[in-house]
Amino acid sequence: KKYNVSYSYSANLFYKTFSKESVTDIEFTELNDWLAFAPVFDEFSTTGLTYRTRELLHQLDTLSVDTTGTRGLLTNDGNVRALPGTEYEVQAIFNQFEEKGKKALVQLRNNANEAFVKSGEFKNYRLLHFATHGFVNTSKPELSGILLAQDSTISEDGILYSGEIFNLNLNADLTVLSACETGLGKLIEGEGLIGLTRALLYAGNKNIIVSLWKVADKSTSDLMIDFYKNLLEEKQEPLEFSKALHQAKLKMIDKGKYAHPFYWSPFILIGR
């Protein structure tokens, strides 16, 4: 309750994160403040999963009952498990940016696809947000990933693997992975944790918010909405991401409904 908290997985990463200066040569567009991805997975088109992808997600599901509606149970009767809270989340945050006169873009459902991620557009955005399913592969961290739209009209499998993130060119001040277990990975001596976080840092992100376990859909939406509200009210530059996250967690504790650490504690800031 007293301190803003941030993390770094190794001294080497700590140095690289804090030594980066603010990017001044971004070619700013009309949509350069915030970009959000929310596949939602509530449309009939999710039945178009490739067999390979469907088998992978089925193998990753280890829970037989999901009473909290987490973003970790990936499938439901052969389809990707819908995440209705993610649409509410990104739309509410989008409205906050609009009210502040900021430029933002939300990619929903099939628009939240892997082809857009790899198009190079990401480098023009200051803040990136993924509200979706995530999974971790501790034995082969390069196969950890986040699930995007299962759009059969493009030549991608709809999974952005950690190994693919290394090849992205990003300039983001912050990337938020509003998904399950995105902060996990494989511990390598002298290097720290290898996984999605490491990939995003090497791709050019300065700060990252990730989760340490399976997170509940509704409470996560509330936490993220409050986080961005706090961030948009921040007056100083550079923005204090740790302060905004700290305040959002305190509000969740004080309101009582989601006061248990299961709901607010999994999200941590890698950076400052």
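The values are calculated or read from the model by the stated rules, or taken from the named source; none is laboratory data. Just so we're clear, the structure is a prediction, and the values are computed from it rather than from any experiment. In this analysis, Cβ positions are derived from the backbone assuming ideal geometry, glycine residues included, and neighbour counts consider all displayed protein chains. Side chains are part of the model used for accessible areas, which takes the heavy atoms of the whole protein and leaves out ligands, DNA and RNA. Shrake-Rupley method; radii C 1.70, N 1.55, O 1.52, S 1.80 Å.
Miscellaneous remarks
- Selection of helices (runs of 4 or more DSSP H) fully inside segment 194-272 by the criterion of at least 2 residues being over 16 Å from the mean Cα position of the chain (by Cα) and under 27 Å from L170 (Cα atoms) returns 217-233, 241-255.
- Pick from segment 147-162, criterion open to solvent by less than 40 Å² (accessible area, probe 1.4 Å) and polar (S, T, N, Q), ranking: nearest to A199 (Cα to Cα): S162
Every residue, every condition in (1) at pLDDT 80 or above; (2) open to solvent by less than 30 Å² (accessible area, probe 1.4 Å); (3) out of contact with any helix residue (DSSP H, G or I) (no Cβ under 7 Å at 6 or more places or on another chain), yes or no:
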residue: A199; (1), (2), (3): yes, yes, no
residue: N205; (1), (2), (3): yes, yes, yes
residue: I208; (1), (2), (3): yes, yes, no
residue: K243; (1), (2), (3): yes, no, yes
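- Residue pairs whose Cβ atoms lie under 7 Å apart, sitting 6 or more positions apart in sequence or on different chains, and linking a residue in segment 239-262 that is farther than 10 Å from F227 by Cβ and free of Cβ contacts under 8 Å to residues at least 60 places away in the same chain to a partner that is buried (at least 18 other Cβ atoms within 10 Å of the Cβ) and of a type in the set (G, A, S), are Y258/S219.
- Going through (1) under 18 Å from H129 (Cβ atoms); (2) open to solvent by 60 Å² or more (accessible area, probe 1.4 Å) one by one, K249 falls short only on (2).
- Among residues of segment 109-146, those that are closer than 17 Å to N32 by Cα and out of contact with any strand residue (DSSP E or B) (no Cβ under 9 Å at 6 or more places or on another chain), counted: 3
- Summed over segment 91-130, residues that are open to solvent by less than 30 Å² (accessible area, probe 1.4 Å) and either assigned to a loop (DSSP other than H, G, I, E, B) or touching a Gly at 6+ places or on another chain (Cβ under 8 Å) (or both) total 4.
- Scanning segment 163-181 finds no residues that are open to solvent by less than 30 Å² (accessible area, probe 1.4 Å) and modelled with pLDDT under 60.
- Screening Q59 against (1) under 24 Å from A199 (Cα atoms); (2) modelled with pLDDT under 85; (3) assigned to a loop (DSSP other than H, G, I, E, B) leaves a single unmet condition, (3).
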